[in-house]
1. Condition first: under 17 Å from the mean Cα position of the chain (by Cα), free of Cβ contacts under 8 Å to residues at least 60 places away in the same chain and not in a helix (DSSP H, G or I). Now tell me which residues in the range 26-49 satisfy that.
2. Please count how many residues of the range 88-128 are touching an Asp or Glu at 6+ places or on another chain (Cβ under 9 Å) and more than 20 Å from G38 (Cβ to Cβ).
3. Those residues that are surrounded by 18 or more Cβ atoms within 10 Å (Cβ to Cβ) and farther than 23 Å from G174 by Cα, I need them from the range 98-127; list them, please.
Amino acid sequence: MAGKVTLANVDDIPELVEIFWEAFAGPGEIVFPQTDGGRKWLQRSFENFLGQKSYYKPESKVAIVRNLNSRAVALAIIHVVRPGQSITGNSWRTRWAKGDDIPGVSEEKLAEFFEPLGRAHNLVVGKEGHVFIELVMTKSTSRGRGYASALVGWATNLADELDIPTYLDAGIRGLGICDRCGFKAQDIEMKYGGPPPCTPMLRSRKQQ
């Protein structure tokens, strides 16, 4: 059914790559190049997210919304982080694919993107279990239909079922959605040594 949140499968990966590329078009292509190598890296990454569960790393899910033609038009990359599991520093390398063997994909640029976000993330949640909404994106032709809100709501419902909080890094476009879904901006500038690259936001566990 169009507009319903479901989980992606491997057949959706080509569409997921296109949604991702559109979201990071322009300056973002320095980190996520729109090349054959960049496509290979993203394909590997989505295969990781859709793969088998691992006791040693957060459980990843890719939630999507489909259009009337059953094509994915919005996605959210979500991780269930168990108490004690690492989601900071170099941990992005356990979630995303290795790129050091792919021409045009820079591990250095990826680290510059992910690691400042990870440091802010750690200051807010530490080793506490939580649901981490890493990215939410919608194709430009499908925006304004509530798909991003539906995806965030799906993730917070999952967190409520698990009785854990939800964390995300919000850009300017997503602040309104986060506020409506019960997230609160976290002021960590004094501890961080300067403003984080996005706004760290936390939604507390559901009150009984």
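1. The answer is F32, and nothing else.
2. 5
3. Matches in the range 98-127: G99, I102, V105.
Quick grid of which residues meet (1) at pLDDT 95 or above; (2) more than 15 Å from the chain's Cα centre (by Cα); (3) in a strand (DSSP E or B); (4) more than 25 Å from F24 (Cβ to Cβ):
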| position | (1), (2), (3), (4) |
| --- | --- |
| I133 | yes, no, yes, no |
| L151 | yes, no, no, no |
| T156 | yes, no, no, no |
| D169 | no, no, yes, no |
| G176 | no, yes, no, no |
| G194 | no, yes, no, no |
| P200 | no, no, yes, no |
| Q207 | no, yes, no, yes |
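The values are calculated or read from the model by the stated rules, or taken from the named source; none is laboratory data. Note that this is a predicted model, so its numbers are computed, not measured. Cβ: placed from backbone, ideal geometry, glycine included. Neighbour counts: every protein chain shown.
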